[in-house]
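Asks: The structure follows.
The values are calculated or read from the model by the stated rules, or taken from the named source; none is laboratory data. Everything numeric in this text was worked out from a predicted model, so none of it was measured. Every residue, glycine among them, receives a Cβ derived from its backbone with ideal geometry; neighbour counts consider all protein chains shown.
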Amino acid sequence: MKAVIARRYGAAVEVAEVAEPEMGPRDVRIAVRAASLNPLDFKIRDGKAKLALALKPPLHLGCDVAGVVEAIGREVTRAAIGDEVFVRLEKLRMGGLAERVCADEQFVAKKPKNASFGEAAALPLVTLTALQALREGAALVPGQRVLIHAGAGGVGCHAIQIAKQLGLWVATTTSTKNLAFVKQLGADQVIDYTQEKLRDAVQDLDAVFDTLGGASEIDSLAVTKRGGTVVGVGGMPDAAFAKAWLPWFAPPVIWFATRKRRAEEAKRGAKFVYLFMRPDGTQLAEIAGWVESGALKPQIHKAYPLADVAEAFAELERGRARGKIVIEIS
């Protein structure tokens, strides 16, 4: 079958003939109709995630999939042949940019009935990340105030909608050209980062969802109230993640590298939490319900055929996509 791979870390992506996926007793085999790209894909290709995700070359890329179940393992009880489904594949079982994939049934959910395969494929990683950041990482409840960085990006444009579904007041950052777009998604306050400084625009937030990392984390802590939380996904991890997921030598390095962030936490009386999103079929089913009710609308920047996957990766790496980049498999 055809799949997108990188033959070694740092190599260009290509479409190649690979072996069929192996199916276990709790697996479903999915004929993929569409998949989507995430920054995680080029980080894996470039070796920037290999301390946490130890994948062996050739690297099979992609983790967001929508398609049709064509076979099930003997212990499967939650899916049937012919089901239209979507899934965020297990962390060490990538390879969603392929004609067929296998996934443990616990991570699979039925596709929203009113969504195309491309729209469904755009959702898993970004919506699970947003939901877990807001409801679990920051433990927010209705009526609280949250800032979501990069509101026009693949994560941000879905996080705004999920935050509103959770009953939150939402501020977001974006550039001038995307002001109307993020307002349409439901943002209560829009901060044009090309014109305004974050610390002048908002203060005393209950939480910040920071997808950018670096200096943005310091600014995020500065606008969070005492007792509040900054949930990060784009920068350096925290000590708890390093201890749980990284080799023995990594925690001291991360401790030193995050000293400014820890100093800001102490100064502000706020905390930083690093989120390593987990696949979750039950949460995907909840997200599918929001799509079917019209509360959550998938946002697609552009769809590419499988043959043009290298061009799609180049567009992703430019960092200017408004919404998700989708790959049409069949």
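Asks: Kindly check whether there is at least one residue in segment 255-274 that is buried (at least 16 other Cβ atoms within 10 Å of the Cβ), in contact (Cβ under 8 Å) with a residue 12 or more places away in the chain, assigned to a loop (DSSP other than H, G, I, E, B) and in contact with a Ser or Thr (Cβ under 6 Å, 6 or more places away or on another chain).
Replies: Yes, segment 255-274 contains a residue that is buried (at least 16 other Cβ atoms within 10 Å of the Cβ), in contact (Cβ under 8 Å) with a residue 12 or more places away in the chain, assigned to a loop (DSSP other than H, G, I, E, B) and in contact with a Ser or Thr (Cβ under 6 Å, 6 or more places away or on another chain).
Asks: Against the condition modelled with pLDDT of 95 or more, over 21 Å from the mean Cα position of the chain (by Cα) and not assigned by TED's automatic domain parsing to the domain that holds K183, how does P305 come out, does it pass? I'd like the intermediate steps shown before the answer.
Replies: Details: modelled with pLDDT of 95 or more: yes; over 21 Å from the mean Cα position of the chain (by Cα): yes; not assigned by TED's automatic domain parsing to the domain that holds K183: yes.
Considered against the rule, which asks whether it is modelled with pLDDT of 95 or more, over 21 Å from the mean Cα position of the chain (by Cα) and not assigned by TED's automatic domain parsing to the domain that holds K183, P305 comes out as yes.
Asks: Can you say whether G228 is loosely packed, with under 15 Cβ neighbours inside 10 Å, within 23 Å of the chain's Cα centre (by Cα) and not acidic (D, E), as far as the supplied structure shows?
Replies: Here the answer is no, as G228 does not meet what is asked.
Asks: OK, next. Is there a residue in segment 227-244 that is on the phi > 0 side of the Ramachandran plot, touching a residue at least 24 places away in the same chain (Cβ under 8 Å) and assigned to a loop (DSSP other than H, G, I, E, B)?
Replies: no
Asks: Has segment 57-80 got any residue that is more than 30 Å from I254 (Cβ to Cβ), in contact with a Leu (Cβ under 9 Å, 6 or more places away or on another chain), at pLDDT 95 or above and crowded, with 21+ Cβ neighbours inside 10 Å?
Replies: yes
Asks: Name the residue that is farthest from S330 (Cα to Cα), counting only residues in segment 66-81 that are part of a loop (DSSP other than H, G, I, E, B) and hydrophobic (A, V, I, L, M, F, W, C).
Replies: V76
Asks: Given segment 82-191, what strands (runs of 3 or more DSSP E) lie entirely inside it while holding 3 or more residues that are buried (at least 22 other Cβ atoms within 10 Å of the Cβ), of a type in the set (S, T, Y) and over 16 Å from the mean Cα position of the chain (by Cα)? Spell out how you get there, then give the answer.
Replies: Values: elements: 84-88, 100-104, 108-110, 145-148, 169-174.
Once the strands (runs of 3 or more DSSP E) in segment 82-191 are filtered for at least 3 residues that are buried (at least 22 other Cβ atoms within 10 Å of the Cβ), of a type in the set (S, T, Y) and over 16 Å from the mean Cα position of the chain (by Cα), what remains is 169-174.
Asks: Search segment 30-49 for residues that are in the same structural domain as G323 (by TED's automatic domain parsing) and pair each with any residue that is in a strand (DSSP E or B) and of a type in the set (G, A, S) when their beta-carbon atoms are under 6 Å apart and the residues are at least 6 apart or on different chains.
Replies: I30/G67; A31/G67; V32/G67; R33/A66; R33/G67; A34/A66; R45/A6
Asks: Ok, one more. Here is a list: P247, P279. Which entry is part of a loop (DSSP other than H, G, I, E, B), in contact (Cβ under 8 Å) with a residue 24 or more places away in the chain and in the same structural domain as D219 (by TED's automatic domain parsing)? Show your work before the answer.
Replies: Values: P279 fails: in the same structural domain as D219 (by TED's automatic domain parsing).
Answer to the check: P247.
Asks: So is P298 closer than 21 Å to V32 by Cβ, in contact with a His (Cβ under 9 Å, 6 or more places away or on another chain) and not in a helix (DSSP H, G or I) or not?
Replies: yes
Asks: Filter segment 301-330 down to residues that are part of a loop (DSSP other than H, G, I, E, B), among the charged types (D, E, K, R) and under 27 Å from E99 (Cβ atoms), then give me how many there are.
Replies: Number satisfying all stated conditions: 0.
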